[in-house]
């Protein structure tokens, strides 16, 4: 082989080597149960089993690899156009198989374990994602970027920066007790381990049901009356209906007496995505306002 041709081939090989090494590099993802999911190479074909998981895929710049998702996946706009393979609890396994995903993202505390097991039995690699703090959210964003071959960690850095900024601004203010309603009939709330509680703690909020053992416990209204929180909060899907209206018939509640009822955008506050910090910032500003007008 002539020297110029050998040099040309050597140059091409040196240019292609990083690409080949990257495409063949294995990825190890931590499962919520402490085990690990091993991928032979970065994932190219993804399916998500919850709306917030689809949003996280787009957040790290891998939206073009998302093949399908579930009902109510509506952010960003591109997610709303994706094929649906079910909802939060029921999935079309046959259709999922035809899509040939090399990574399925499941919601650890929401996706039924029986459905995850069925997918794994069919040979689909399922990553159980758990996000119970903003640091965990940042870590999942970093892991998802690695799992899809993305090089940037901008989304994770922004989560940490915004969290730290809100802590610096509101973290030392007078604590306020609150009740957060995630469902009215039946009545559901969150305990202290839930990400919603972690977010409101940044504002100086103290969940009156933080010590309950269940992540999203069901309550009787009398329990809220007995706890008598300073603030009543709930997620709202729009202005057409006030999810906290029922509490206004209980004037003995100090939150009702001081008109300390706040609704936050449900799609922001109830989804474990970077946009949740928008709702947290709104809550923190409201908390600060209530502190100024109440002793």
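Values as computed for the structure displayed
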item: Sole exception among (1) farther than 18 Å from residue 277 by Cβ; (2) in contact (Cβ under 8 Å) with a residue 12 or more places away in the chain; (3) part of a loop (DSSP other than H, G, I, E, B) for residue 251, by number; result: (2)
item: Of the criteria (1) closer than 30 Å to residue 42 by Cβ; (2) without any contact (Cβ under 8 Å) to a residue 40 or more places away in the chain; (3) in the same structural domain as residue 274 (by TED's automatic domain parsing), which one residue 259 fails; result: (1)
item: Pick from region 164-190, criterion in a loop (DSSP other than H, G, I, E, B) and touching a helix residue (DSSP H, G or I) at 6+ places or on another chain (Cβ under 7 Å), ranking: surrounded by the most Cβ atoms within 10 Å (Cβ to Cβ); result: 190
item: Any chance residue 277 is closer than 19 Å to residue 189 by Cβ and either in contact with a strand residue (DSSP E or B) (Cβ under 8 Å, 6 or more places away or on another chain) or in the same structural domain as residue 179 (by TED's automatic domain parsing) (or both); result: no
item: Qualifying residue in region 134-147 (condition: surrounded by fewer than 18 Cβ atoms within 10 Å (Cβ to Cβ), in contact with a helix residue (DSSP H, G or I) (Cβ under 8 Å, 6 or more places away or on another chain), assigned to a loop (DSSP other than H, G, I, E, B) and without any contact (Cβ under 8 Å) to a residue 40 or more places away in the chain); result: no
item: Yes/no for residue 214 being at pLDDT 95 or above and either closer than 23 Å to residue 52 by Cα or part of a loop (DSSP other than H, G, I, E, B) (or both); result: no
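The values are calculated or read from the model by the stated rules, or taken from the named source; none is laboratory data. Remember, it's a predicted structure, so these values are computed and weren't measured experimentally. In this analysis, Cβ positions are derived from the backbone assuming ideal geometry, glycine residues included, and neighbour counts consider all displayed protein chains.
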